[in-house]
Structure formats: structure tokens, C-alpha cells
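A.B. asks: Mind having a look at this structure? Questions to follow.
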Amino acid sequence: MLFVGLGNPEKRYDNTRHNIGFRVIDSILSNSNPIDVSKSSFFGKLYKIGKDFYLKPATYMNLSGKSVLAVKNFYKIDNSNIVVVHDDIDLPFSALRFKRGGGDGGHNGLKSIDSLIGKDYIRVRMGVGKPQYKSQVPDYVLSDFTQDEEKIIPDWIEYTTKVLNEFNSRSLEEIKSRYSLKKFNRE
């Protein structure tokens, strides 16, 4: 499987809402011994653990599809084996949902991927909340999480990484029914 975390590559974006996908991939990589299989033609950092690949596109969010397409084509990965982890402003903070296909919800990373490989891949939607006004969305997704939110994020990311490990042994329907969250609760 190919697991893709969406985000922006510069350090200044590390703790932003838009980079929650990168943070999940980083968590997986830090808890294992990944093999770096990156190539410049992949337009991102690609790692292999066992038979699975983990990608952090270096194209910036709006061109994420370029990196996903390059890896998909090189390794001949079917869309049904691609899982994209991304921020979702249409879900409350710390919610977690899973689906195959659907609209991009105005998310430029998803829009880029959809335009290059189609929409029939799996999405791991991590709720980051939304600003009061639609005009505030660009600044909101590029803002850091609050201090209170940051207290929850490590456990929420750990939960999400455990769920990603289930994709090799469970169907999407099983994952949806077992692991979807309206809000992350540490208990």
C-alpha cells in the first residue's frame, strides 16, 4: 500500500493544520526502521517499511498529485491501495473519518490528486475545525494548532497511525465502523 501524508515541506509549516498528514507519516517513520527510497522523480520523500510505502510530497500542497502520480506509476500501485491522510475543515477538531472517493471539499491537495489519478482512493480525514468565515480558510489551515489542541494531537496521531496499520488486514467498511471518531477522547 501507499500511504500519503499531505502537507507543506518548509519547517515553518510543521505545526500547521494543513500539515497533520505529514505529522502522521512522521510518527510512523519515527517508530520503525524505514528505508529511504526517494528519487528526485518522485517529487517528495518516499520511505518503505515492509511492503508498504510512505510518501510526503515535497511539491507543496497544491501540487501534491504530481508526487502521488509519480510514485503510483513507478511502483504500479492501484488506486484501491492508496491511502491519503489529510486535514479536513468540514470535521470538528480531532474527528477522524474514512472514505473512498468523493469531492475535494475545496482542499487543494485533494484537488491536485483527483485531477491526476482520479478520485477512487482512500481518504483518512482528520478534522481540524473551521474558521468562522470562508474567507479565513487559507490563513486558518496555515495557522498552528492552539496550545490546547497540541495537548491532544500526539495521542490522536498515535491512534491514527495504529488505524493505518489495519488497512492491510481489514476492509474499509470495517475500519470505518471500528475507528471513526466524532472527537478524539483519551479514555
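The values are calculated or read from the model by the stated rules, or taken from the named source; none is laboratory data. Quantities reported herein were computed from a predicted structural model and do not represent experimental measurements. When we count neighbours, we look across all protein chains shown, and the Cβ atoms used for this are built from the backbone with ideal geometry, even at glycine.
A.B. asks: What are the pairs, 6+ residues apart or on separate chains, where a residue within the stretch 2-25 that is over 18 Å from I152 (Cβ atoms) has its Cβ under 6 Å from a residue that is hydroxyl-bearing (S, T, Y) and modelled with pLDDT of 95 or more?
C.D. replies: Correct list of pairs: F3/Y54; L6/S64; I25/Y54.
A.B. asks: Count, please, the residues in the stretch 136-176 that happen to be among the hydroxyl-bearing types (S, T, Y), closer than 20 Å to G109 by Cβ and part of a helix (DSSP H, G or I).
C.D. replies: Residues flagged as among the hydroxyl-bearing types (S, T, Y), closer than 20 Å to G109 by Cβ and part of a helix (DSSP H, G or I) within the stretch 136-176 amount to 3.
A.B. asks: Still on this structure: With respect to the numbered conditions (1) within 24 Å of G101 (Cβ to Cβ); (2) in contact (Cβ under 8 Å) with a residue 24 or more places away in the chain, which one is the sole condition not fulfilled by N165?
C.D. replies: Among (1) within 24 Å of G101 (Cβ to Cβ); (2) in contact (Cβ under 8 Å) with a residue 24 or more places away in the chain, the lone unmet condition for N165 is (2).
A.B. asks: Residue check, G118 against (1) at pLDDT 95 or above; (2) under 16 Å from S27 (Cβ atoms), all met but one. Which one?
C.D. replies: Tallying (1) at pLDDT 95 or above; (2) under 16 Å from S27 (Cβ atoms), G118 fails exactly one: (2).
A.B. asks: Which residues, taken from the stretch 140-180, are among the hydroxyl-bearing types (S, T, Y), touching a Ser or Thr at 6+ places or on another chain (Cβ under 9 Å) and either surrounded by fewer than 14 Cβ atoms within 10 Å (Cβ to Cβ) or closer than 21 Å to K51 by Cα (or both)? Please lay out each step first, then the result.
C.D. replies: Step one: list which residues in the stretch 140-180 are among the hydroxyl-bearing types (S, T, Y), which gives 140, 143, 146, 159-161, 169, 171, 177, 179-180.
Next, only the ones that are touching a Ser or Thr at 6+ places or on another chain (Cβ under 9 Å) stay: 143, 160-161, 179.
Answer for the stretch 140-180, where residues must be among the hydroxyl-bearing types (S, T, Y), touching a Ser or Thr at 6+ places or on another chain (Cβ under 9 Å) and either surrounded by fewer than 14 Cβ atoms within 10 Å (Cβ to Cβ) or closer than 21 Å to K51 by Cα (or both): T160, T161.
A.B. asks: Go through the residues of the stretch 51-66 one by one and say whether even a single one is at pLDDT 95 or above, more than 15 Å from the chain's Cα centre (by Cα) and of a type outside the set (D, E).
C.D. replies: yes
A.B. asks: Got at least one residue in the stretch 19-27 being touching a Phe, Trp or Tyr at 6+ places or on another chain (Cβ under 9 Å), crowded, with 18+ Cβ neighbours inside 10 Å, at pLDDT 95 or above and not in a helix (DSSP H, G or I)?
C.D. replies: The answer is no, given that none of the residues of the stretch 19-27 is touching a Phe, Trp or Tyr at 6+ places or on another chain (Cβ under 9 Å), crowded, with 18+ Cβ neighbours inside 10 Å, at pLDDT 95 or above and not in a helix (DSSP H, G or I).
A.B. asks: Also, quick follow-up: Please count how many residues of the stretch 37-91 are free of Cβ contacts under 8 Å to residues at least 12 places away in the same chain, of a type outside the set (K, R) and not in a helix (DSSP H, G or I).
C.D. replies: Selection size over the stretch 37-91: 3.
A.B. asks: Sort through K56, K45 and tell me the only one that's under 22 Å from L116 (Cβ atoms), buried (at least 19 other Cβ atoms within 10 Å of the Cβ), among the basic types (K, R) and in contact with a Phe, Trp or Tyr (Cβ under 8 Å, 6 or more places away or on another chain).
C.D. replies: K56 is the lone residue from the list that is under 22 Å from L116 (Cβ atoms), buried (at least 19 other Cβ atoms within 10 Å of the Cβ), among the basic types (K, R) and in contact with a Phe, Trp or Tyr (Cβ under 8 Å, 6 or more places away or on another chain).
A.B. asks: If only one of D36, D78, D90 is more than 16 Å from the chain's Cα centre (by Cα) and within 22 Å of I175 (Cβ to Cβ), which one is it?
C.D. replies: D78
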